[in-house]
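Q: To start, I am sharing the structure in question, which I have written as structure tokens.
The values are calculated or read from the model by the stated rules, or taken from the named source; none is laboratory data. This is a predicted model, so every value here is computed, not measured. Counting neighbours? That spans all protein chains shown, and the Cβs are built from the backbone with ideal geometry, glycine included. Each accessible area value is taken on the protein alone, full model and side chains, heavy atoms only, with ligands, DNA and RNA left out. Shrake-Rupley method; radii C 1.70, N 1.55, O 1.52, S 1.80 Å.
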Amino acid sequence: MYSSEMTESGTTYTETQLLSNLNIKEHKRWFRVSLYTIFLLTGQSASTLLGRLYYDKGGNSKWMVTFVQSAGFPILLPFLYYFPPHEKFNNITINDSSKTKPKFPTLVSLYIAFGLLMTGNDLMNSYGLLYLPLSTYSLLYATELAFNALFSFFLNSQKLTAFIFNSIVLLTTSVALLAVNADSDKSKGLFREKHIIGFLCTLGASATFSLYLSLVQLSFEKVVKKKTFSAVLDMQLYPSFIATCACVVGLFASGEWKTLEKEMKEYEKGRVSYVMTLLWTAVTWQITSIGMLGLIFEVSSLFSIVISTLELPIVPIIAVMFFNDKINGVKVIALLLAIWGFLSYMYQHYLDEKKAKADKKSDSLEVSRGEGEIC
């Protein structure tokens, strides 16, 4: 006899209760997504602005800016005690058996590779912030959406739909406009060679970071296989430690460490401001990274990149207000194209989420009916 109830661990659920539980889980998930989004947007905007402030007020060490992008990882250590490895996350119980636990040498190799990749990305970021106006830098970095769509297609089985392809085309066009408009940034006192270096380094950083995020998602799925927040922390802490060590080596090998004391003395805002600028840059980069990794964990690397492009309207406006950047017609068009590309992807994500939610409910109801028939 058919029954609309299912029995699981001695508890009986009706279809209505099942749907209610699914909705509660979905709401909790989107609460976490919202929290990670706030971390990402506030941290990314603040860290970018502080990095530009450091250069504008007398800082000149590229390795120091690279260093602070990863050196703030110790502030995350207390969270390891608050979020133990065996906790439940996303309503999935973790099996810590040796069959599912990744081998130690594999994890070490993974963290070292990600740490070195992070170092290269951070160094290119430093050159971009030094040699480009902040508005141009911010718009160029939006290309990470296009890069990540391609990397996700090959590494994460992401479908390239018409809307996502439209995003790639729009963002590529936006970058092309900025390249054609490069001469307008000479008012900032930039030499053409340095402007080209900044342009290429920013694009390189955008591509490298997109590759890093796709590889992180792949590692969560194929190697780490943990559904805990501590796994997210580990993926941030250990590569950051490796990146910080690499930056210390670079700082001494380049000889920039010799100029730091003089740089601090001559900083326009004084010694305290110099230290606080670097300190808060380090903190905000860690907030950014946790937000980014959390979104990868909950949704996908491509989604995290899309959310990060939400800062597009924010940073250029602040750059005009506080850093005297010039926003001409070409930059406005580039900004509008980038936002259009972002909205195009978001609509595709909305369609995917709607379909996934409908499929999930349908599958759950099928299980419920199957169990009811057996009863």
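Q: Find how much the distance from residue 30 to residue 355 grows on full extension, using 0.36 nm per residue of separation minus their present alpha carbon separation; answer in nm with one decimal.
A: Using 0.36 nm per residue and subtracting the Cα-Cα distance, I get 115.4 nm.
Q: Further, regarding this structure: With a Förster radius of 41 Å, plug the Cβ-Cβ distance of residue 324 and residue 103 into 1/(1 + (r/R0)^6) and report the FRET value to the nearest 0.05.
A: That gives a FRET efficiency of 0.15.
Q: Using heavy-atom solvent-accessible surface (probe 1.4 Å) with all chains present, what is the largest-first order of 262, 103?
A: Largest accessible area first, the list is 103, 262.
Q: Could you tell me the accessible area of residue 168 in Å² (1.4 Å probe, neighbours in place), rounded to the nearest ten?
A: 30
Q: Restricting to DSSP loop positions (anything but H, G, I, E, B) with no more than 14 other Cβ atoms inside 10 Å of their own Cβ, which trypsin sites (Lys or Arg not before Pro) remain in the range 315-358? Please report the intermediate quantities before stating the final value.
A: Values: sites: 326, 331, 354, 355, 357; in loops: 326.
Passing both the DSSP loop test and the Cβ count: 326.
Q: Convert each backbone phi in the range 211-222 into a coupling constant with the Karplus relation 6.51 cos²θ - 1.76 cosθ + 1.60 (shift: θ = phi - 60°), then list the ³J(HN,Hα) values in order as whole Hz, x for Gly and Pro.
A: Those phi angles translate into 4, 4, 5, 5, 5, 5, 4, 4, 5, 4, 7, 9 Hz.
Q: Which entries in the list 225/354; 62/326; 57/262; 28/354 go over 21 Å, if you measure between the two C-alpha atoms of each?
A: Cα-Cα > 21 Å for 225/354; 62/326; rest within.
Q: Moving to a separate point now. Compute the distance in nm between two label points, each set 7 Å from the Cα along the Cα-to-Cβ direction, one at residue 279 and one at residue 173.
A: Placing both labels 7 Å along Cα→Cβ, they lie 4.7 nm apart.
Q: Considering only protein heavy atoms, what is the solvent-accessible area of residue 350 at a probe of 1.4 Å, reported in Å² to the nearest 10?
A: The accessible area of residue 350 comes to roughly 120 Å².
Q: Can you give the accessible area of residue 192 in Å² (nearest 10), computed on protein heavy atoms with a 1.4 Å probe?
A: Ignoring ligands and nucleic acids, residue 192 comes out at about 130 Å².
Q: Follow-up. Counting only protein chains, not ligands or nucleic acids, how are 221, 144 ordered by accessible area (probe 1.4 Å), most first?
A: Details: 221 95, 144 5 Å².
Sorted by accessible area, descending: 221, 144.
Q: Given a 1.4 Å probe and heavy atoms of the protein chains only, how would you sort 201, 247, largest accessible area at the top?
A: Sorted by accessible area, descending: 201, 247.
Q: While we're looking at this one, here's another question. Do any GluC sites (Glu not before Pro) in the range 233-328 lie in a DSSP loop with no more than 14 other beta carbon atoms within 10 Å, and if so, which?
A: Qualifying residues, ordered by number: 268.
Q: Find how much the distance from residue 317 to residue 268 grows on full extension, using 0.36 nm per residue of separation minus their present alpha carbon separation; answer in nm with one decimal.
A: Fully extending the segment from residue 317 to residue 268 adds 15.3 nm.
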